[in-house]
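This report concerns only the one structure given below.
The values are calculated or read from the model by the stated rules, or taken from the named source; none is laboratory data. Bear in mind the structure is a predicted one, so any value in this text is a computation, not a measurement. Don't worry about glycine lacking a Cβ; one is built from the backbone with ideal geometry, like all the others, and counts go over all protein chains shown.
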Amino acid sequence: MGSAGLQFGGGNGGQGGAGGWLLGNGGGGGAGGLGGAAAGGSGATAATPGCSAAPVAPGAGGSSVESIGGSGGTGGHAGLFGSGGTGGVGGVGSAGGGFGGSGGAGGRGGLIFGAGGDGGAGGAGSLTNSPLFISGGQGGNGGDAGLFGIGGAGGTGGLGYVDTTGATATGGAGGAGGSGGTLFGIGGVGGIGGAAFADTVAGATATGGNGGAGGTGGRLFGNGGAGGTGGAGFESFGGGGEGGNGGNGGQAALIGNGGSGGNVGVPGPNGVGIGIGGNGGNAQLIGNGGNGGNAATLLSGTPGNPGSGGLLFGQPGQPGL
């Protein structure tokens with residue numbers, strides 16, 4: 001557990017321990033400290049697992065009083081075989097109006113075989129006494145796989161929250177998915193954008209975070225990862241709010257299909273729905289393009305474009321609705 005802080009940002013989480021050189025998963029990254037007027041202590045570094053040990057739980061960051069939450073620690077890398085560790089969660093912004101900290105990146109999968117670790121979730125922005133603008137932390141990127149394996153998923157963006165008239169809340173962006181294995185593997189799914197909520201008795205603005213991009217498929221065989229869905233937005237005064245844009249789908253390997261684009265996040269019941277759907281990923285040589293992401297409503301917003309089919313064989317994807 002990190003120590004409490006008095007000024008500036010929260011402490012960053014420690015990096016996860018590496019997996020055993022032959023077998024074993026990387027440890028999870030430590031959680032970032034809460035933002036405060038002095039830096040919160042760093043989260044404890046995860047212990048290094050042995051030859052075939054399970055991932056180690058991340059340490060928590062120290063709390064503090066005001067400012068940006070600390071970043072989550074990076075997940076530990078695996079050895080030759082094993083999964084990368086999950087990135088640590090970003091710290092929560094302080095009560096005085098801090099932004100959420102970024103989630104940690106997922107660790108790299110085993111050099112020969114193993115999935116990349118998932119990115120950590122972004123921390124929530126300040127939940128009390130919000131200033132005129134607040135944002136949740138960005139989700140961490142998923143870790144890349146080795147020769148064979150699936151890329152890690154991007155972390156979810158953090159919550160954005162305001163309770164001040166005229167203020168703006170924005171959800172954190174979702175992290176990008178990791179790349180699939182160099183020879184064979186599917187790209188990781190992009191993270192979901194963070195939600196945004198404006199809780200006021202008069203006008204304020206809430207916009208969900210953008211979804212993360214899907215990871216690229218392996219170089220030889222593998223599909224691209226799907227783009228993440230945009231975060232939801234809601235405004236308590238008038239029921240408005242806008243969803244975030246969808247993330248783009250990942251490009252396929254030489255042989256494989258492109259990833260689908262992410263859908264626009266859900267707007268409030270009286271929101272206009274102006275978000276843009278993610279574009280589908282392109283196929284390269286043999287394979288179909290990914291479908292475009294859908295707009296929030298059939299009457300507003302912009303659907304995503306389809307990905308192109310392979311040069312030798314394949315069909316383009318379908319446009320979003």
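Selection within region 220-244: residues that are touching a strand residue (DSSP E or B) at 6+ places or on another chain (Cβ under 8 Å) and among the aliphatic types (A, V, I, L, M). The member of this set that is modelled with the lowest pLDDT is Leu220.
Here is a yes/no grid of residues against (1) in contact (Cβ under 8 Å) with a residue 60 or more places away in the chain; (2) buried (at least 24 other Cβ atoms within 10 Å of the Cβ); (3) within 23 Å of Gly187 (Cβ to Cβ):
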{"residue": "Gly82", "(1), (2), (3)": "yes, yes, yes"}
{"residue": "Gly85", "(1), (2), (3)": "yes, yes, yes"}
{"residue": "Ser94", "(1), (2), (3)": "yes, yes, no"}
{"residue": "Gly97", "(1), (2), (3)": "no, no, no"}
{"residue": "Gly101", "(1), (2), (3)": "yes, yes, no"}
{"residue": "Gly104", "(1), (2), (3)": "yes, yes, yes"}
{"residue": "Ile112", "(1), (2), (3)": "no, no, yes"}
{"residue": "Thr128", "(1), (2), (3)": "no, no, no"}
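Number of residues in region 282-321 that are closer than 22 Å to Gly241 by Cα and of a type in the set (Val, Ile, Thr): the value is 2. From the list Gly246, Gly256, the lone residue that is over 16 Å from Gly136 (Cα atoms) and within 15 Å of the chain's Cα centre (by Cα) is Gly246. Residues that are surrounded by fewer than 24 Cβ atoms within 10 Å (Cβ to Cβ) and under 20 Å from Ser67 (Cα atoms) are absent from region 184-195.
Determine whether Ile112 is modelled with pLDDT of 95 or more, in contact with a Gly (Cβ under 8 Å, 6 or more places away or on another chain) and over 26 Å from Ala195 (Cα atoms). Quick ask: steps written out before the conclusion?
Values: modelled with pLDDT of 95 or more: no; in contact with a Gly (Cβ under 8 Å, 6 or more places away or on another chain): yes; over 26 Å from Ala195 (Cα atoms): yes.
No: the conditions fail for Ile112.
Being assigned to a loop (DSSP other than H, G, I, E, B) and crowded, with 22+ Cβ neighbours inside 10 Å holds for only one residue in Gly238, Gly281, and it is Gly281.
Those residues that are buried (at least 24 other Cβ atoms within 10 Å of the Cβ), part of a loop (DSSP other than H, G, I, E, B) and polar (S, T, N, Q), I need them from region 139-183; list them, please. Spell out how you get there, then give the answer.
We begin by selecting, within region 139-183, every residue buried (at least 24 other Cβ atoms within 10 Å of the Cβ); these are 139-146, 149-162, 169-181.
Remaining after also requiring part of a loop (DSSP other than H, G, I, E, B): 139-146, 149-159, 171-181.
Result: Asn141, Thr156, Ser179.
Has region 278-290 got any residue that is in contact with a Pro (Cβ under 6 Å, 6 or more places away or on another chain) and not β-branched (Val, Ile, Thr)? Scanning region 278-290 turns up at least one residue that is in contact with a Pro (Cβ under 6 Å, 6 or more places away or on another chain) and not β-branched (Val, Ile, Thr). Looking across Gly262, Gly275, Gly243, Gly230, one residue alone is farther than 24 Å from Leu183 by Cα, in contact with an Asp or Glu (Cβ under 8 Å, 6 or more places away or on another chain) and either among the hydrophobic types (A, V, I, L, M, F, W, C) or crowded, with 24+ Cβ neighbours inside 10 Å (or both). It is Gly275.
Which ones in region 246-255 are in contact with a Phe, Trp or Tyr (Cβ under 6 Å, 6 or more places away or on another chain) and surrounded by 24 or more Cβ atoms within 10 Å (Cβ to Cβ)?
Initially, region 246-255 is screened for residues in contact with a Phe, Trp or Tyr (Cβ under 6 Å, 6 or more places away or on another chain), giving 253, 255.
Result: Ala253, single match.
Residues that are of a type in the set (Gly, Ala, Ser) and more than 15 Å from Leu132 (Cα to Cα) within region 191-207 comprise Gly191, Gly193, Gly194, Ala195, listed in sequence order.
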